[in-house]
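Here the structure is laid out as structure tokens; the discussion comes afterwards.
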Amino acid sequence: MTENQNSKSKPQKEKSEEELEKEEEEKRLKIESLRKAGKIAQEVKKFIKPKIKVGAKAIDIISTTEGKIEELDGNCAFPVNLSINNIAAHYTSPLKDDGLTINDGDIVKIDLGVHIEGYIVDTAFSVNLNENKSLENIIQATEVALEAAKMMTKPKVHTKEMGKKIESIVKGFKYNPIKELGGHQIERWTVHGEKSLPELGTQGGDIMEDGEVFSIEIFASTGEGTVHNTRNAFIYELNPYAGRVPLRRKTSKQLLGFINKNYKTLPFAERWLAKEFRMGIAFGLQELVQQGKLQAHYVLAEKKGVFVAQSEETILITEDGFEELT
């Protein structure tokens, strides 16, 4: 036993009345902001779901969804993701519209986030435009698994146990969960917090605690349940741990200042920058990624010919269970 372990621990200093009042005020602001963000997300989902149909353009769905969030006095916590068929995550319309259109036979996933003062909710749903018999229960698989995971939610539960339940249900529907994707803790100004909520019972996981916010995120795939990075990245995020680095391009410096001020540590779309900058965005982003100032979120895909569905809700862990926010 070391000397340090033998020594008595110092008694913790009692918090002053002012400190306790400040903590209570921060807690109140957090819950109010999360509830407001959640209500906005619920309304946006109801608004956009009927618009996801054959012939609709991806850019129209995405920009309309983002516009509705702002119209309802929310802020986009990240660019709206619209992922079709084997694309599982991180697709948003690029700087120059690629003309992506929803077709008959598609399975479309919409993943959106809302924040109020950095307090974030994250939610997703799927729409099945495919009449193939083998796909009729793919969305239900994600929804049933999500409900089961919710019912397990309370302080001190280990998310690995939730992962076992999720895996069991999705596989029971004859689909595969995606091992690289899953639920996650959400912290202020951080979409993917420190703790994870895995899709598989063999993966790690963490203990849930009262007051924490989690996204329960379920994927079901007709493929092997694994995704890879494609060559495309249309979403970026500031790396808060990168120190000062030399930047050659004037545009890179201007972009970095704008990103710091407007998005902080939240993900953003390259096309959002076009409202402020006319030229040099692509080269500026490239330099910022090369210098480690930005992280690129590459579009994630299963193999071609595979279909993926997704369901996601955000919950607040409470003393005796949870509060659903979205």
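In sequence order, region 111-122 has phi-based couplings of 10, 9, x, 10, 10, 10, 6, x, 8, 10, 10, 9 Hz under the Karplus curve 6.51 cos²θ - 1.76 cosθ + 1.60, θ = phi - 60°, and Gly or Pro positions carry x. Proximity of backbone amide H atoms, modeled 1.01 Å from N, is registered between Lys195 and Gln185 at under 5 Å, excluding neighbours fewer than 5 places apart on the same chain. Its Cα centre serving as origin, region 233-298 has a Cβ charge dipole (Lys and Arg +1, Asp and Glu -1) of approximately 280 debye. For region 149-270, evaluate the Debye formula with one uniform point scatterer on each Cα (no solvent term) and list log10 I(q)/I(0) at q = 0.20 Å⁻¹, rounded to two decimals. Values, matching the q order: -1.09.
When the Cα atoms of region 230-300 are enclosed in a convex hull and the volume is divided per residue, what value in Å³ results? Don't skip to the end; give the middle numbers.
Working: hull volume 6.0 nm³, N = 71.
Taking only Cα atoms, region 230-300 has a hull volume of 85 Å³ per residue.
The value given for region 22-161 is a Kirkwood hydrodynamic radius of 16.7 Å, derived from the mean inverse Cα-Cα separation. Peptides 44-50, 77-83, ordered by how many other C-beta atoms sit within 10 Å of their residues on average, highest first, read 77-83, 44-50.
Each Cα pair under 8 Å and six or more residues apart adds its sequence gap; the mean of these over the residue count of the chain is a relative contact order of 21 percent.
Dipole orientation for the chain: of the candidates Leu288, Gly243, Ala58, Leu288 has the Cα lying most toward the positive pole (charges on Cβ; Lys, Arg +1; Asp, Glu -1). Going 7 Å from the Cα of Asn239 in the Cα-to-Cβ direction, what parts of region 278-308 have a backbone nitrogen less than 11 Å from that spot? Zone members listed by number: 288-296.
Just want to confirm a number: the relative contact order over region 233-298, from Cα pairs under 8 angstrom separated by 6+ residues, in percent. For region 233-298, the relative contact order is 59 percent.
Per residue of the chain, the DSSP helices (runs of n ≥ 4 H) give a summed -39500 (n - 2.57) that works out to -10000 deg cm²/dmol at 222 nm.
Sorted on the mean count of surrounding Cβ atoms within 10 Å across their residues, most packed first, peptides 135-148, 217-230, 92-105, 16-29 read 217-230, 135-148, 92-105, 16-29.
Shape class of region 95-170 from the alpha-carbon gyration tensor: oblate, with a/c at 1.5 or above and b/c at least as large as a/b.
Quick note: the coordinates plus some simple rules give every number you see, no bench work behind them. Predicted model only: the values in this text are computed from it and were never measured. When we count neighbours, we look across all protein chains shown, and the Cβ atoms used for this are built from the backbone with ideal geometry, even at glycine.
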